[in-house]
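So the structure is just underneath, and the comments pick up after that.
The values are calculated or read from the model by the stated rules, or taken from the named source; none is laboratory data. The shown structure was predicted, so the numbers you read here are calculated from the model rather than taken from an experiment. We place every Cβ from the backbone using ideal geometry, glycine too, and count neighbours over all the protein chains shown.
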Amino acid sequence: MIGRLLVGGSLALSSLLIAGCSHVPGARVAEEQVMRPGAVTNFDTLFAQNCSGCHGAQGKNGPAINLSNPVYQALVDDDTLRMIISTGYEPTLMPAFARSDGGMLTDQQIDAIIKGMRKEWRKPGTLDGQNAPPYSATLTGDAQRDSRCLGPSAHPATGRTERPAL
């Protein structure tokens, strides 16, 4: 009788140990797998980690430009957004985020940010019936005025160095 109890108890204890060891201590469970930083393409995650510090949690109320403004979203095109995010914007404190320019984001992540901004904040028809200017200027300015302001330096259009009469 004692032998049967001992064998039965050993079997019960063995089956509990086997069933309880499906998770080996120290081994990672599939849900706990950490994604490589370059593989993250979720807009909310990317924006929170890279943009919200300056542009605000929802693209507004930060010290930098309001990205959630529908007028801004209507004026700026995807290529301009990609260039600014990738290379930064020199007159401001906007840094370069593309890996090719010293940042930490891949091209796919930059595309995910742009697509997410458009999905969340672009409102079609915002500028319907308006004659909005392009987002960035395409003209270089008044060369004659530049020479008057710059003084005797070479005129950008003519190359002459004499000081123009004012």
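Keeping to the range 96-118, report how many residues are closer than 15 Å to C51 by Cβ and either charged (D, E, K, R) or surrounded by 15 or more Cβ atoms within 10 Å (Cβ to Cβ) (or both).
Within the range 96-118, residues that are closer than 15 Å to C51 by Cβ and either charged (D, E, K, R) or surrounded by 15 or more Cβ atoms within 10 Å (Cβ to Cβ) (or both) number 15.
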Task: Of all residues making up the range 69-128, the number that are touching a residue at least 40 places away in the same chain (Cβ under 8 Å) and of a type in the set (S, T, N, Q) - done: 7
Open item on the list: For the range 87-126, give me each residue that is part of a loop (DSSP other than H, G, I, E, B), charged (D, E, K, R) and within 24 Å of Q58 (Cβ to Cβ).
Closed with: R122, K123
- [ ] Scan (1) β-branched (V, I, T); (2) modelled with pLDDT of 95 or more; (3) part of a loop (DSSP other than H, G, I, E, B) for the single condition I84 breaks and write down its number.
- [x] (3)
